[in-house]
Amino acid sequence: MDGPRRKRLKRQADSIIIHFDKDCFYASVFEAETPSLRSRPLAVQQKQIVVTCNYEARRRGLHKLQLIKEAKRICPDVVIVLGEDLTRFRNASKELFALLRSYSWNARCERLGFDEVWMDVTDVIDYNYAILNPNDLTNSFFCLSKNDPEAGFPIDASTVTGSTYPATSTDSTGALSDSLRLRLHLASHLAAHLRGKLESEKGYTCTVGISTNKLLSKLVGNLHKPNGQTTLLPSYTSEDGDDAVTSFIDGHEVGKIPGIGFKLAQKIRAHVLQRPVDFDAGLVYGGTKENVLVGDVRKYPGMGAEALEQILGGPGTPHGIGAKIWGLLNGCDDTEVGQAREVPKQISIEDSYTRLDSLDEVIKELRMLAKSLLRRMHADLLEADEDVRTPEDDVDSAAIAPKRWQAFPKTIRLSTRPRPPQNADGRRNRSFARISRSAPMPNFVFNFKESVDALSERLVTETLVPLFRKLHPEKSGWNLSLVNVAATNMVDAASEKAGVGRDIGKMFKRQDDVLKQWRVEEPSDTVGGSEDVPTPSQEDNFATHDRWESEDEDMLDDESYRCEECGAVMPLFAMGAHARWHQN
Ligand code: DCP
Ligand code: MG
Ligand code: MG
């Protein structure tokens, strides 16, 4: 029984989204490093588990999240590589993302984890749609640049490239006058082009889905794995639910819909089955034997946004969850593809210690921190310079790899966390404060001709040790529990004059100029300077920082303030006095 006619959600179909998922990502990173591995069964180990394996291994019966023991039993000649150090995956992920990003006009490229990327290519597709010749679609040209009409490739816009859902198109009549359909054709050609680039330039294959929102593009890609692409073809909307999107989404088990996690899925299943759901704890993915399809839920009597709010709402679930989930079950997802943030706001490396007291110990630790800081700056801020280099460049920089800085951190900040002395009652205050000192980032760190070891040594002796002495004028007995070195005050290279990142000599001169007018002159009597006003700092911040997000958020709470000039953190009430101190 179908019940009263339900109001159908209108699906937005203005945007065109492409979703990429790299095939056997971790394994393919090793294969890219060592191509001979490609023809052998290869498994990547973390702890006692195969986190992923290549398709040769999968052909022989191995799969993701299998026990190593099991994998060896099934395939004794499996090659096992260790995947616990994520550095190579992070770097590969960034490199692949940068390639895709370079084809985007609107910078709407968003990563999910290391191996997935969404691109909102609406602007590129609309531009190409507008220049199509409707009378000669078979001889079209896909333009990759608004400024360069030659950049692009020939396509047959009357057909789609790759696989489709539905597999064979039913509505051929008038199809080519349907703008959504044509735009999806165009997107399929762009996707194929990008897959080709990823493979020919970087050696990675991936699985791609093309549709009008993040949800549908991600789901439809799964239909042809690996090294395939699937376009979800119209119709995208209908009065009675016999459109392609509805039939596509209806066939999914509810728990397979991104955004419907295990708990939500269990509640929905229980409602539709009208009984508690069997829970099979043995299944790795936290799945269940019960299959409740999206279609079963969608057509269930009384089902809709309000009903779902009743079923799912309550403490711990955000208000409006019903409408959101109802949208997903109908293939609607209005979340935007995030805009790529080009470079981190700051890079911060820290380590915690049980006790750090002598200058020798401190210097040893500063060396380690400076080295990782420079390595991270190289990984996160240096990009391959793919521009054509002028002969002039080649004369004086022949030895330099074609790389350039995407951004320059103009400030280096050293922070420590001394343990306060014991109180009279013999106890210590629980909340430790960080104190910090900043200085201009010295120019030499941007010179990538020199080794990281040599540069970090210089950074320690010329910058970090002097900063440390200012921060801790006492000779010893600091009892430090944490040291943090950060590159902050990031300035985008693109915002400097064009080409500055490529011409190192010019860049260094400019750096000098920039820094001169900017330099903070330290008053000579900084003992007990007001920069060092203690602040509460988070107790859980013990692990070495290794991420892009600014750690300002960790250090700053509602009652703290960071001086824009020197980066010192202090309680709000100290702000006025601190500003006056700068003026003197
Ligand atoms: N990964 C992980 N732990 C998990 C799942 C995945 O460390 N529980 C890692 C290993 C994968 C990478 O993330 O290589 C990407 O995950 P995918 O699920 O996309 O798996 P693959 O890319 O390896 O395989 P596929 O070809 O099925 O996409
Ligand atoms: Mg993935
Ligand atoms: Mg993958």
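All of the numbers you see were taken from the coordinates with simple rules; none came from a lab. Note that the structure is predicted; figures quoted are calculated from it, not measured. Neighbour counts are summed over all protein chains in view; Cβ atoms, including those assigned to glycine, are modelled from backbone coordinates with ideal geometry.
Taking the empirical scaling 2.2 N^0.38 Å for compact globular proteins as reference, the stretch 15-233 has a Cα radius of gyration ratio of 1.12. List the GluC sites (Glu not before Pro) in the stretch 405-489 that DSSP assigns to loop (not H, G, I, E or B) and whose Cβ has at most 10 other Cβ atoms within 10 Å. Which are they? Taking the stretch 405-489 and a limit of 10 other Cβ atoms within 10 Å, the loop GluC sites (Glu not before Pro) found are Glu474. Start at zero, step by 10 Å, and the Cα-Cα distances of the stretch 253-340 spread as 17, 50, 27, 6, 0 percent across the bins. Restricting the stretch 35-96 to trypsin sites (Lys or Arg not before Pro) that sit in a DSSP loop and have at most 12 other Cβ atoms within 10 Å of their own Cβ leaves Lys47. Past 24 Å, Cα to Cα, is the threshold; run Lys197/Lys403; Lys10/Lys197; Lys202/Lys256; Lys202/Lys403 against it and keep the listed order. Check vs 24 Å cut-off fails for Lys10/Lys197; Lys202/Lys256.
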